[in-house]
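Enquirer: Let me give you the structure first, and then I'll get to my questions.
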């Protein structure tokens, strides 16, 4: 049976935010989110009900996501700065677990 790789924190570090802002627009660092837009998903009450996740969570709570995503687009470009690659995914299946209320295994 295959195992998942360890979880990786994809939030931008302060250094990464500065480097990214300097490369594009130096004044934009104050408005740059910690997590890139493409990594954010939104769940409405419809999806929350389907996932059996309560709506009354608090900002800062953690939930454990386990999901499957379908590759919807792949693009690779050679540039003067090297190869650039982008893969787009559409999350198709997901399970969640409330990490703040997770029961310890027996």
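Enquirer: Tally up the residues in the stretch 1-16 that are modelled with pLDDT under 80 and over 15 Å from the mean Cα position of the chain (by Cα), please.
Expert: 5
Enquirer: Look at residue 43 and say whether it is in contact (Cβ under 8 Å) with a residue 40 or more places away in the chain, surrounded by 10 or more Cβ atoms within 10 Å (Cβ to Cβ) and assigned to a loop (DSSP other than H, G, I, E, B).
Expert: On the way: in contact (Cβ under 8 Å) with a residue 40 or more places away in the chain: no; surrounded by 10 or more Cβ atoms within 10 Å (Cβ to Cβ): yes; assigned to a loop (DSSP other than H, G, I, E, B): yes.
No, not satisfied.
Enquirer: Kindly indicate which of 95, 69 is free of Cβ contacts under 8 Å to residues at least 60 places away in the same chain, part of a strand (DSSP E or B), outside the structural domain of residue 6 (by TED's automatic domain parsing) and farther than 22 Å from residue 12 by Cβ. Spell out the reasoning first.
Expert: Values: 69 fails: farther than 22 Å from residue 12 by Cβ.
That would be 95, the only listed residue that is free of Cβ contacts under 8 Å to residues at least 60 places away in the same chain, part of a strand (DSSP E or B), outside the structural domain of residue 6 (by TED's automatic domain parsing) and farther than 22 Å from residue 12 by Cβ.
Enquirer: Which of (1) modelled with pLDDT of 70 or more; (2) closer than 22 Å to residue 11 by Cα; (3) more than 18 Å from the chain's Cα centre (by Cα) does residue 60 not meet, given it meets every other one?
Expert: Going through (1) modelled with pLDDT of 70 or more; (2) closer than 22 Å to residue 11 by Cα; (3) more than 18 Å from the chain's Cα centre (by Cα) one by one, residue 60 breaks only (3).
Enquirer: Restricting the search to the stretch 20-40, which residues are in a helix (DSSP H, G or I) and either at pLDDT 70 or above or closer than 30 Å to residue 68 by Cβ (or both)?
Expert: Matches in the stretch 20-40: 20, 21, 22, 23, 37, 38, 39.
The values are calculated or read from the model by the stated rules, or taken from the named source; none is laboratory data. Nothing here was measured: the structure is a model prediction, and the numbers come from that model. Cβ atoms come from the backbone with ideal geometry, glycine included; neighbour counts cover every protein chain shown.
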